[in-house]
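Asker: Have a look at this one before I ask anything.
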Amino acid sequence: MKKVLLSVLFVVVVTITAMAQAKKPTIMVIPSDTYCIKNGYTTEWVDENGVKNTVPDIANIFKKEDVEDLRLVISELSKIMAERGFPLKDLEQTLKSIQQESVEMSLLESSSSGSYVTESMLDKVKRTAKADIILDLDYTIMKKGPQRYISYNMRGLDAYTNKVIAANSGLGNPSTSAPINLLLEEAVLNYMDSFCAQLMSHFEDMANNGREVVVKFKVWDNSDVNFETEFDFEDDYLELADIISYWMEDNTVNHAPTRTGASENFMTFEQVRIPLYRERNGRQSALDTRGFMNGLRSYLKKEPFLIESKMYERGLGEVWIIIGEK
């Protein structure tokens, strides 16, 4: 009987230890577009048609004079997540890192179309921080006589796809003296366990079935090859488009990426599931879209293809591979 109890105890201890050591998604708290716009943290730009556009000014939000409440709220929510074991990325420090970079690829001219692509500040933040999940937070400080309380709306977004994976909203209890961070804590605390469970469920699905990304292929206009160029491949002559499709099928987790469009000069793959981690030097390291697609670039450099290509990262969840030169 004693041996049975010891065996049961051992299993329980091992299970608890494994749960405690289980990988959790990296989180970053970011004020929502709604919060930025209603509080005037915006910037304007005029497009080529002369239309004025107003967008959230995340890049400079912490340079404003009246953001102390926002700092406290983000800090409090980050603390709550840290207490539940979620690794955190700090938005303010990430913005500083971006601004201190000596060279930032923000524009890329496509030789095949002559068009320009831009990367939003939010895409830059995601690419630099490489958080798995974004906590998109909107809140308002409400008043009821001499008392204050907080109304909030919080969403968990997959940083790679922007899909909503968890959501919660509510009202806090009125108080005459509590600071803003405590008002938030009282408002969200009762819901955080179920919210975090939704985040973990999504992360576990990614661990089992791969992270979803988008890959687009283009051709420089001075390239000697395009996607209809044929190569001697596995005892057959196949077009480059089909060879790339086979590589994507062989190397993705689900082996079934969706090719949504193709021509001699472009191809698009959606629902591309890539592994979260890879083995390197005897240990696991995180794998992002760039790291995954570098495998294809290396493959195309070899015989019989000898194709150079350039990679452009558009945020975390989308990369462009441009064929013909680096």
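The values are calculated or read from the model by the stated rules, or taken from the named source; none is laboratory data. The shown structure was predicted, so the numbers you read here are calculated from the model rather than taken from an experiment. In this analysis, Cβ positions are derived from the backbone assuming ideal geometry, glycine residues included, and neighbour counts consider all displayed protein chains. Just the protein is used for accessible areas: all its heavy atoms, side chains included, with ligands, DNA and RNA removed. Shrake-Rupley method; radii C 1.70, N 1.55, O 1.52, S 1.80 Å.
Asker: Looking at segment 271-319 only, could you name the residues that are buried (at least 18 other Cβ atoms within 10 Å of the Cβ), touching a Phe, Trp or Tyr at 6+ places or on another chain (Cβ under 7 Å) and outside any loop (DSSP other than H, G, I, E, B)?
Answerer: Matches in segment 271-319: 274, 296, 319.
Asker: Let me ask something else. Just give me the residues in segment 86-97 being in contact (Cβ under 8 Å) with a residue 24 or more places away in the chain and either within 21 Å of residue 198 (Cβ to Cβ) or among the charged types (D, E, K, R) (or both), in sequence order. Outline the logic, then answer.
Answerer: Applying the first criterion (in contact (Cβ under 8 Å) with a residue 24 or more places away in the chain) to segment 86-97 yields 86-92, 94-95, 97.
Matches in segment 86-97: 86, 87, 88, 89, 90, 92.
One line per residue, one yes/no per condition, for (1) of a type in the set (A, V, I, L, M, F, W, C); (2) in contact (Cβ under 8 Å) with a residue 24 or more places away in the chain:
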site	(1), (2)
168	no, yes
178	yes, yes
185	no, yes
191	no, no
206	yes, yes
210	no, yes
217	yes, yes
223	no, yes
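Asker: Follow-up. Just checking, does segment 86-103 include any residue being of a type in the set (A, V, I, L, M), under 30 Å from residue 264 (Cα atoms), surrounded by 13 or more Cβ atoms within 10 Å (Cβ to Cβ) and modelled with pLDDT under 85?
Answerer: Of all residues in segment 86-103, those of a type in the set (A, V, I, L, M) come to 88, 91, 95, 98, 103.
Within this subset, residues satisfying the condition of being under 30 Å from residue 264 (Cα atoms) are none.
The answer is no; no qualifying residue exists.
Asker: To continue, here is another question. Of the residues in segment 139-154, how many are among the small types (Gly, Ala, Ser) and part of a loop (DSSP other than H, G, I, E, B)? Break it down stepwise before answering.
Answerer: We begin by selecting, within segment 139-154, every residue among the small types (Gly, Ala, Ser); these are 145, 151.
Keeping just the survivors that are part of a loop (DSSP other than H, G, I, E, B) gives 145.
Going through segment 139-154 one residue at a time, the tally reaches 1.
Asker: Search segment 232-257 for residues that are without any contact (Cβ under 8 Å) to a residue 60 or more places away in the chain and pair each with any residue that is β-branched (Val, Ile, Thr) and crowded, with 16+ Cβ neighbours inside 10 Å when their beta-carbon atoms are under 8 Å apart and the residues are at least 6 apart or on different chains.
Answerer: 239/229; 248/215; 248/272; 252/272; 252/274; 253/274; 257/215; 257/272
Asker: Across segment 37-85, which residue is nearest to residue 192 (Cα to Cα) among those that are part of a strand (DSSP E or B), open to solvent by 80 Å² or more (accessible area, probe 1.4 Å) and not β-branched (Val, Ile, Thr)?
Answerer: 44
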